[in-house]
Amino acid sequence: MRNPLISVENLAKRFPEPSGKGELTVFDDIWFTIEEGEFVCIIGHSGCGKSTILNALAGLDEASSGVIIIDGQAISGPSLDRAVIFQGHALMPWMSALENIRLAVTSRFPEWSKAQVQDQCEKYLRMVHLDGAHDKKPAQLSGGMKQRVGIARALAIEPQILLMDEPFSALDALTRGSLQDELMGICKSTKQTTFMITHDVDEALLLADKILLMTNGPNARVAEIVVNTLPENRSRDSLHKHEQYYPLRNHLIEFLVTRSRELASEAEGALDGRQTKVVRLDETKPETVTNSEPAPLRAVNE
Ligand SMILES: Nc1ncnc2c1ncn2[C@@H]1O[C@H](COP(=O)(O)OP(=O)(O)O)[C@@H](O)[C@H]1O
Ligand SMILES: [Mg+2]
């Protein structure tokens, strides 16, 4: 079997207690893998450490222990192979939409000609349906348009991995819906490997191939990996018509409402990160996945 593109192994994050005595463990014993081209969502209550995990994947934050291996190499810092989209758009306010994207493209592809860079910027602005807004500054764009520029900028560097931290949570429902559709189309057609934090169960069911469920912190764990058994050709309009939709939705909501708390209060060792339960609701018995021994490392090059 091929190695997964991303392997998160035994990740933990701890902070010293403010009293100076002991440590606060935000999360511990986190193991999961992401295959090339897979879209993975993570769901859990505020404070369980989702953003910390995403930032560790981005190389912007360091875990206290454990390792993240991407393509056979342990990561040790940020890289243009990994693009991050946060809740806020984080655009340069003095630059136009096109200039914001150009800055990212020229950093990623310094050897490209001006014409190549321009083509790339225009292609990705078109992809997020912003062809008419090249010259607009962020202040002249709506919230949804700004987030679209952020998505175009992230995708224009053709990252190996796209990381998104609740990218649509500040948007109104209609804008969020159309951006989800666009993102789904782009990620499917480009087979973009994606890791996304969301608190929106329907968003996860629309976009994700699998959904990681995190227990409440402190001491949070990945309790389950739920396989999205909705058909590949699902759309936002038809999601609720599939027979798997309500069982899946109820399972995720029930986890968020009760099980994330109950599991968090269970005795230490109740969950084994290396034997994370994989749940498929179209089968009767859940399987477990045993995470393999850490893959051999190539030289760290970052
Ligand atoms: N410098 C710090 N000192 C102590 N605790 C921290 C520090 N930074 C973050 N935390 C804690 O780490 C936890 C996880 O944060 P975060 O990853 O943002 O969670 P999430 O994205 O799931 O809401 C939070 O409970 C937060 O209080
Ligand atoms: Mg967060």
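Worth a mention:
- Percent carbon-and-sulfur accessible area, the chain, ignoring ligands, DNA and RNA, probe 1.4 Å: 51 percent
- Per residue, the stretch 114-267 exposes 42 Å² of accessible surface when a 1.4 Å probe is rolled over the protein heavy atoms with every protein chain present.
- Cross-link check: pairs Lys136/Lys191; Lys123/Lys191; Lys123/Lys146; Lys13/Lys191; Lys188/Lys241 evaluated at a Cα-Cα cut-off of 25 Å; pairs beyond the cut-off: Lys136/Lys191; Lys13/Lys191.
- Amide proton proximity set for Met164, modelled H, under 5 Å, gap of 5+: Ile85, Phe195, Met196, Ile197
- Across the stretch 151-163, coupling constants 3J(HN,Hα) worked out from phi with the 6.51/-1.76/1.60 Karplus curve, θ = phi - 60°, read 5, 4, 5, 5, 6, 5, 8, 6, x, 5, 9, 9, 10 Hz, and Gly and Pro carry x.
- Each of Phe39, Gln180, Leu91 was placed along the dipole of the chain (beta-carbon charges, centred on the mean Cα), and the one lying farthest toward the positive end is Leu91.
- Relative contact order computed over the chain (Cα-Cα under 8 Å; 6+ residues apart), in percent: 24 percent
- About its Cα centre, the dipole of the chain is roughly 620 debye, where the only charges are +1 on Lys and Arg Cβ and -1 on Asp and Glu Cβ.
- Accessible area per residue, Å², the stretch 25-91 with all protein chains present, probe 1.4 Å: 36 Å²
- Gain on full stretching of the segment that runs from Leu80 to Lys137 - 0.36 nm per residue minus C-alpha separation: 18.1 nm
- Given R0 = 30 Å, the distance between the Cβ atoms of Glu266 and Ser178 translates into a calculated FRET efficiency of 0.15.
- Based on C-alpha pairs under 8 angstrom that are at least 6 apart in sequence, the stretch 1-116 has a relative contact order of 25 percent.
- Added length on full extension, which subtracts the Cα-Cα distance from 0.36 nm per residue, Arg274 to Lys241: 8.4 nm
- Per the Debye calculation on the chain with a single equal scatterer at every Cα and no solvent contribution, log₁₀ I(q)/I(0) for q = 0.11 Å⁻¹ amounts to -0.70.
- Hz values of 3J(HN,Hα) by residue in the stretch 242-257 - Karplus curve (6.51, -1.76, 1.60), Gly and Pro given as x: 7, 5, 7, 4, 5, x, 5, 4, 5, 4, 5, 5, 4, 4, 5, 7
- Gain on full extension, evaluated as 0.36 nm per residue between Asn10 and Gln118 minus their Cα-Cα distance, stands at 34.6 nm.
- The residues His45, His242, sorted by heavy-atom accessible surface at 1.4 Å with ligands and nucleic acids left out, run His45, His242 from largest to smallest.
- Phi-derived couplings, Karplus 6.51 cos²θ - 1.76 cosθ + 1.60 at θ = phi - 60°, listed residue by residue for the stretch 186-191: 5, 5, 5, 6, 9, 6 Hz, with x used for Gly and Pro.
- Across the stretch 156-207, C-alpha contacts under 8 Å between residues 6 or more apart give a mean separation that, scaled by the residue count, equals a relative contact order of 51 percent.
The values are calculated or read from the model by the stated rules, or taken from the named source; none is laboratory data. No experiment lies behind these values; they were computed from the predicted model shown. Methodologically, a virtual Cβ is constructed for each residue, glycine included, from the backbone with ideal geometry; neighbour enumeration extends over all protein chains shown. The protein model used for the area step is the full one, side chains on, heavy atoms only, and it has no ligands, DNA or RNA in it. Shrake-Rupley method; radii C 1.70, N 1.55, O 1.52, S 1.80 Å.
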